[in-house]
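The values are calculated or read from the model by the stated rules, or taken from the named source; none is laboratory data. Note that the coordinates shown come from a computational prediction; the quantities given were computed from them, not determined experimentally. Here the Cβ is made from the backbone with ideal geometry for all residues, glycine too, and neighbour counts use every protein chain on show. Note: accessible area is taken over every heavy atom of the protein model, side chains too, but ligands, DNA and RNA are not part of it. Shrake-Rupley method; radii C 1.70, N 1.55, O 1.52, S 1.80 Å.
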Protein chains: 2
Amino acid sequence: MAKTKATIYNVAMRANVSLATVSRTLNNPEKVKKETRDKVLKVIEDLGYKPNAFARGLASRKSTSVAVMVPDMTRSSIAEMVNGIAIEARKYNYSLIIYVLKDEYHEESEMLKEVVASQADGILYMNDEINEQQYQMLNRIKDDYDVPIVLANTLYPFENKLTTVSIDYHKAGYGITKELIEEGRKNIYMLTTARKYMVNDLKESGYLKAINEAGLEPHIFRTSGDISVNTIHFDELFHDVGKKIDGVIAVRDSIAVSFINSMIAKGRKIPKDISVFGFQNTKYASLSRPKLSCIDIPITEIGVRAMALLKEEIDNGTSKTKYIELPYSIIHRDSTKK
Amino acid sequence: MAKTKATIYNVAMRANVSLATVSRTLNNPEKVKKETRDKVLKVIEDLGYKPNAFARGLASRKSTSVAVMVPDMTRSSIAEMVNGIAIEARKYNYSLIIYVLKDEYHEESEMLKEVVASQADGILYMNDEINEQQYQMLNRIKDDYDVPIVLANTLYPFENKLTTVSIDYHKAGYGITKELIEEGRKNIYMLTTARKYMVNDLKESGYLKAINEAGLEPHIFRTSGDISVNTIHFDELFHDVGKKIDGVIAVRDSIAVSFINSMIAKGRKIPKDISVFGFQNTKYASLSRPKLSCIDIPITEIGVRAMALLKEEIDNGTSKTKYIELPYSIIHRDSTKK
DNA sequence: CTGAAAGCGCTTACAG
DNA sequence: CTGAAAGCGCTTACAG
């Protein structure tokens, strides 16, 4: 039964070469004579030999693995980024170790120590709620242990010490708000999360800028991402000012769709009475009736680029680029007039 | 800057004990006198020492990591299972190495070799498309390398050599079909994927059983998970027999919602004209108008239980249970009459 | 309860 | 281009 795994020693024996030569044909093939190399490769193939990742990691001080730290796998944006990361990591034969962040700061800091102990070659960190404390902790880890860190879709606008791949959420928020203004909307509401997310703050600041420029009154409405909860909030909102609202920017597609459902239940027409924009371009947007107009965020691409940048930092100790801003686009469907 | 990580040697020095004692206070604290232990623990704390995972893995032949093999991170059921796995893994301080499966059989087999080389203590495999070839390969890996494997939400009904955690999809398909029959529906369609998924085949067989028992005519309609594609299919379907369909079982919520949107566009009423059931109870179900009735699958729980079972097999070499069937429930919302 | 020592399976200067 | 040997940082019998 339990076949004992072939070791480098077995390969060396069978191929009549030293351990060093086997190691070289795997890691620096150009340093081995073609003839020898082929002989060794053949034995490796025959034995189904794969180097033990621990021994290799211990000896070389490289792990060919990166730590992927995420707040919550179940959010589709996170899952899609991880997918992008996986696509790119595969090219380099890197493995991905997933760490699901806990709310508690202390736990996160423990987790980071684990990451360091795991000898990850680099860290991919995604957390759209990132706060001062967390940002500084990452900074410290990076400096203390000299491990490259790349933030993916994670913006901390007050400092820029950490390499980042994202989109300009402020500009995106500004852009769609302007579109609504140009449509002639006067009472444009921003539907955002009660909980503070950095990324949502940026969308909000873009919204506010456009609203102020147009001399309109800003309306920030904070609600929950939980549909059963925000439905109640939207009913209350409608009760208070429902007839006046004529435009909406929601920080997530799912919140936009939930809002649409609530308003249609009250007899309002979308987009005739209210134009609605979402953010992300998830499947929710295409399954909504009417289909949702929204900002399309190249989320998989963010993952791909973040991994590529991390790889660059791992290999060179640094990277030319410290900030990659990816373009977004505005998808016009049926919940807005344009 | 770059703080050199403390090693077990540094700890031993500072605490005036041997390496073995440091190792023991971490791994077998009961074998160390309390006094000594406390002294060592203090130094560990002071130095921020974390054992190097590679050295530990190499020496102990245990990795405290498991390989998580998934077909595609972006499917919400997969992401939620991984979340469940992460929750449970955290209890044991296990890390998770993610492998995103490729379509190509050869690549999957290479990946499995990598998994073995990575010294993972066990493998969590989820793939609702699993075929004979893949199943046998897993079997071989398990036998050859003596590594525990647990299938999560992955059914291969023709054999049961591999430990599995899932729900009874056949029964679920049967149950909701019966409900539609009891509602008085006569032309019940099953909307399933063109591509063969094991799990969908089981839903289908349950559907067929109920239909046959009732002496009705079965209608299996194969389409795509892609909304823009299935919308076209549904339009064609409506053109052919649209007026007759009075009940629908879809293998995924998103397919059900897309179908509802298509039918409403043609002027049909849900659930008055057509009752619709989905599968999974995703957010799509709550964001649909009308809200979707569906089978609720305890997907996070499947992840949790699969990880727990794997841990049991890792620790004991085997587990008492070879198959855990979790209960599902039927959620009645507004797309069916009950 | 504690320590000395071998060994896990690799990589990498160093020598030749 | 190739090999002998040290060393990576742990764990684990074995002795005491």
On the basis of being among the basic types (Lys, Arg), free of Cβ contacts under 8 Å to residues at least 12 places away in the same chain, more than 10 Å from chain A (Cβ to nearest Cβ) and away from DNA strand D (no atom under 16 Å from the Cβ), does residue B:102 make the cut? no
Taking the range B:91-112 and keeping residues in contact with a Phe, Trp or Tyr (Cβ under 9 Å, 6 or more places away or on another chain) and either hydroxyl-bearing (Ser, Thr, Tyr) or more than 27 Å from residue A:70 (Cα to Cα) (or both) leaves B:95
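Would you mind stating whether residue B:111 is open to solvent by less than 40 Å² (accessible area, probe 1.4 Å), over 19 Å from residue B:295 (Cβ atoms) and within 12 Å of chain A (Cβ to nearest Cβ)?
Values: open to solvent by less than 40 Å² (accessible area, probe 1.4 Å): yes; over 19 Å from residue B:295 (Cβ atoms): yes; within 12 Å of chain A (Cβ to nearest Cβ): yes.
Here the answer is yes, as residue B:111 does meet what is asked.
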So, in the range A:7-21, of the ones that are near DNA strand C (Cβ under 7 Å from one of its atoms) and without any contact (Cβ under 8 Å) to a residue 24 or more places away in the chain, which residue ends up farthest from the other protein chains (Cβ to nearest Cβ)? A:20
How many of the residues in the range B:13-71 are more than 9 Å from DNA strand D (Cβ to nearest atom) and aliphatic (A, V, I, L, M)? 14
Scanning the range B:1-36 for residues that are surrounded by fewer than 18 Cβ atoms within 10 Å (Cβ to Cβ), basic (Lys, Arg) and more than 18 Å from residue A:117 (Cα to Cα) gives B:31, B:33, B:34
With (1) more than 14 Å from DNA strand C (Cβ to nearest atom); (2) not assigned by TED's automatic domain parsing to the domain that holds residue B:309 as the list, and residue B:75 as the residue in question, which single condition is left unmet? (2)
How many of the residues making up the range A:67-84 are in contact with a helix residue (DSSP H, G or I) (Cβ under 6 Å, 6 or more places away or on another chain) and more than 8 Å from chain B (Cβ to nearest Cβ)? 5
Condition first: hydroxyl-bearing (Ser, Thr, Tyr), open to solvent by less than 20 Å² (accessible area, probe 1.4 Å) and out of contact with any Ser or Thr (no Cβ under 8 Å at 6 or more places or on another chain). Now tell me which residues in the range B:157-187 satisfy that. B:169, B:177
Considering only residues that are modelled with pLDDT of 90 or more and closer than 16 Å to residue A:319 by Cβ, which ones fall in the range A:143-162? A:147, A:148, A:149, A:150, A:151, A:152, A:161, A:162
Can you tell me how many residues in the range A:121-136 are outside any strand (DSSP E or B) and either touching a Pro at 6+ places or on another chain (Cβ under 6 Å) or open to solvent by 10 Å² or more (accessible area, probe 1.4 Å) (or both)? 9
Scanning the range A:215-230 residue by residue, those surrounded by fewer than 16 Cβ atoms within 10 Å (Cβ to Cβ) and either in contact with a Cys (Cβ under 7 Å, 6 or more places away or on another chain) or among the aliphatic types (A, V, I, L, M) (or both) turn out to be A:220, A:229
Among the residues of the range B:75-90, are any within 11 Å of DNA strand D (Cβ to nearest atom), open to solvent by less than 30 Å² (accessible area, probe 1.4 Å) and at pLDDT 90 or above? no
Select from the range A:243-293 the residues that are among the small types (Gly, Ala, Ser) and under 23 Å from the mean Cα position of the chain (by Cα) and list them in ascending order. A:250, A:254, A:256, A:278, A:285, A:286, A:293
Filtering the range B:26-53 for residues that are near DNA strand C (Cβ under 8 Å from one of its atoms) and either touching a Gly at 6+ places or on another chain (Cβ under 9 Å) or assigned to a helix (DSSP H, G or I) (or both) leaves a count of 6
Would you pick out the residues in the range A:235-267 that are assigned to a helix (DSSP H, G or I), within 13 Å of chain B (Cβ to nearest Cβ) and surrounded by 19 or more Cβ atoms within 10 Å (Cβ to Cβ)? A:253, A:254, A:255, A:256, A:257, A:258, A:259, A:260, A:261, A:262, A:263
Hey, any hits in the range A:281-297 for a residue that's within 14 Å of chain B (Cβ to nearest Cβ), surrounded by fewer than 21 Cβ atoms within 10 Å (Cβ to Cβ), modelled with pLDDT of 95 or more and in contact with a Gly (Cβ under 7 Å, 6 or more places away or on another chain)? no
List the number of the failed condition for residue A:194; all other conditions in (1) modelled with pLDDT of 95 or more; (2) open to solvent by 50 Å² or more (accessible area, probe 1.4 Å) hold. (1)
What is the number of the single condition among (1) in contact with an Asp or Glu (Cβ under 6 Å, 6 or more places away or on another chain); (2) open to solvent by 10 Å² or more (accessible area, probe 1.4 Å); (3) in the same structural domain as residue B:153 (by TED's automatic domain parsing) that residue B:307 does not meet? (2)
Which of the residues belonging to the range A:268-279 are more than 11 Å from residue A:332 (Cα to Cα), in contact with a strand residue (DSSP E or B) (Cβ under 7 Å, 6 or more places away or on another chain) and either surrounded by fewer than 23 Cβ atoms within 10 Å (Cβ to Cβ) or within 13 Å of chain B (Cβ to nearest Cβ) (or both)? A:270
Give the residue that is farthest from residue B:78 (Cα to Cα), with candidates limited to residues of the range A:54-92 that are basic (Lys, Arg) and part of a helix (DSSP H, G or I). A:56
With respect to the numbered conditions (1) more than 24 Å from residue A:65 (Cα to Cα); (2) free of Cβ contacts under 8 Å to residues at least 60 places away in the same chain; (3) away from chain A (no Cβ under 14 Å), which one is the sole condition not fulfilled by residue B:143? (3)
Residues to consider are A:127, A:153, A:131, A:83; find the one that is within 19 Å of residue B:95 (Cβ to Cβ) and polar (S, T, N, Q). A:127
Pairs, first without any contact (Cβ under 8 Å) to a residue 24 or more places away in the chain in the range A:112-131, second within 16 Å of DNA strand D (Cβ to nearest atom), C-beta under 6 Å, six or more apart: A:113/B:50; A:117/B:50; A:117/B:53
